[in-house]
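**Q** Take this structure first; my questions come after.
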Amino acid sequence: TLHAVVQSLTPVHRQGISVLPLVGGLSRIPPSFQVNELARRTAEALGGTWQPLYSPAFVHTEAEWRALLNSPDTRLVTDQWPALDMAIVGIGHFGFQTELRMLFADYVNLEAERALAQAGAVGDICARFFNLQGEPVGAPPWGGLVGIDLSQLRVLPLVIGIAGGAAKIDAILGALRGGYLKVLITDEPTAQALWDQVRAGEQV
């Protein structure tokens, strides 16, 4: 989804912005979908600058995770997250046979999947999982995750979530209830389904 957004950007006069990735890289994603590449292309389209995050998203040991977080290259990006003016995020939905296995197969084992399911996980933002009420769930079954925390997202001035489709209704609801989004961009059927939830008395 974010790749499609970046593809649609029209080059404009220099905006003087700085673009940062919000999560490390995933080896199973094609190069054109990697967060560093998305950041680069966004900056180029809007005439700004960008800073790559030289770190994997998932780290297998706690010691390695702590070392990465404390490295100067990683902190060059992560130390700037609290000062962001705006974040643009996709919303993943929790499905054993779909996105979870496609994106996280090398990092989340069956035991971790079951733990997330039992905790009521419905979706994720930047690989941070949450339930239908928007509460974070699931301590990392890996050594650690290099990515912005949901609590950091919640306090940013503007967070734009982009997601659509019937499969993502619960994930979008959870993201909205958690207060992680200030703006939602979606398709008309998904928006109607969310509105129907509101009319039925569901809190959003």
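The values are calculated or read from the model by the stated rules, or taken from the named source; none is laboratory data. It should be emphasised that the depicted structure is a prediction, and the values quoted were computed from it without experimental measurement. Note that we place each Cβ from the backbone using ideal geometry, even for glycine, and neighbour counts take in every protein chain shown. Just so you know, the surface numbers come from the protein's heavy atoms only, side chains and all, with ligands and any DNA or RNA stripped out. Shrake-Rupley method; radii C 1.70, N 1.55, O 1.52, S 1.80 Å.
**Q** Run the helix sum for the chain: -39,500 (n - 2.57) per DSSP H stretch of 4+ residues, divided by residue count, reported at 222 nm to the nearest 500 deg cm²/dmol.
**A** About -10000 deg cm²/dmol.
**Q** Connecting C-alpha atoms closer than 10 Å in a GNM of the chain, tell me which of I172, I29, I125 has the biggest fluctuation.
**A** Highest fluctuation among the options: I29.
**Q** Another question about this same structure. Name the residue from T49, Q15, A39 whose Cα lies farthest towards the positive end of the charge dipole of the chain, charges +1 on Cβ of Lys and Arg and -1 on Cβ of Asp and Glu.
**A** Q15
**Q** Same structure again: What do you reckon, how do Y54, Y180 stack up by accessible area (1.4 Å probe), largest on top?
**A** The most accessible residue leads, giving Y54, Y180.
**Q** Could I ask something else about it? Using a 1.4 angstrom probe on heavy atoms only, work out the carbon and sulfur share of the accessible area of the chain in %.
**A** 55
**Q** Could you list which residues have their amide H under 5 Å from that of S18, counting only those 5 or more apart in sequence or on another chain, with H placed in the peptide plane?
**A** Amide H to amide H, under 5 Å and 5 or more residues apart or across chains, S18 pairs with T49.
**Q** How large, in Å, is region 153-204 by the Kirkwood hydrodynamic radius built from its alpha-carbon pairs?
**A** It is 11.2 Å.
**Q** Provide the per residue accessible area, probe 1.4 Å, for the chain, rounded to a whole number of square angstrom.
**A** Each residue of the chain exposes 52 Å² on average to a 1.4 Å probe.
**Q** Run the dipole for region 1-105 about the Cα centre, Lys and Arg Cβ at +1, Asp and Glu Cβ at -1, nothing else charged, and hand back the magnitude in debye, nearest 20.
**A** 160
**Q** Rounded to two decimals, what is the ratio between the C-alpha radius of gyration of the chain and 2.2 N^0.38 Å?
**A** 1.01
**Q** Given charges of +1 on the Cβ of Lys and Arg and -1 on the Cβ of Asp and Glu, with all other atoms neutral, how large is the dipole of region 119-204 about its Cα centre, in debye to the nearest 20?
**A** Using only the charged Cβ atoms, the result is roughly 200 debye.
**Q** Collect residues whose amide H, placed 1.01 Å from N in the peptide plane, falls under 5 Å from the amide H of V122; neighbours closer than 5 in sequence don't count.
**A** Hits under the 5 Å cutoff: F130, N131, L132.
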